[in-house]
1. Residue by residue through the stretch 1-12, note down the ones that are open to solvent by 100 Å² or more (accessible area, probe 1.4 Å) and assigned to a helix (DSSP H, G or I).
2. Look at the stretch 35-86 and say how many of its residues are outside any helix (DSSP H, G or I), touching a Phe, Trp or Tyr at 6+ places or on another chain (Cβ under 9 Å) and either of a type in the set (Asp, Glu) or over 30 Å from Asp3 (Cα atoms) (or both).
Amino acid sequence: MGDLKNPRWMWLKAWLFLGIGTLSVGLVLLRTRDWQVAVFLALAIWAFCRAYYFTFYVIQHYIDPQFRFAGLLDFLRYHFRERGKK
């Protein structure tokens, strides 16, 4: 499968991800009806978003501008390769 290049399909993909996430959070909260679960879920989502930002923006723009990646597996290869050099 090739790279996604059509902006309309990219927007659709983004909206689908947002819909899946919203529906999933809503179903978890409907099932548990617990404010602590809501807080923990919000914290987990926030933390994973920050980790994603670090992985795909901070490394490329601040730590190693030469690094290019296509996904999390590329990041893990980079991480272990750089760790092995030290």
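1. Arg8, Trp9, Trp11
2. 1
Residue-wise test of (1) of a type in the set (Gly, Ala, Ser); (2) open to solvent by 60 Å² or more (accessible area, probe 1.4 Å); (3) at pLDDT below 95; (4) more than 30 Å from Arg83 (Cβ to Cβ).
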{"site": "Leu16", "(1), (2), (3), (4)": "no, yes, no, yes"}
{"site": "Trp35", "(1), (2), (3), (4)": "no, yes, yes, yes"}
{"site": "Ala47", "(1), (2), (3), (4)": "yes, no, no, no"}
{"site": "Ala51", "(1), (2), (3), (4)": "yes, no, yes, no"}
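The values are calculated or read from the model by the stated rules, or taken from the named source; none is laboratory data. Fair warning: this is a prediction, and the values are worked out from it, not measured in the lab. We place every Cβ from the backbone using ideal geometry, glycine too, and count neighbours over all the protein chains shown. Keep in mind that these areas ignore ligands, DNA and RNA; they rest on the heavy atoms of the full protein, side chains included. Shrake-Rupley method; radii C 1.70, N 1.55, O 1.52, S 1.80 Å.
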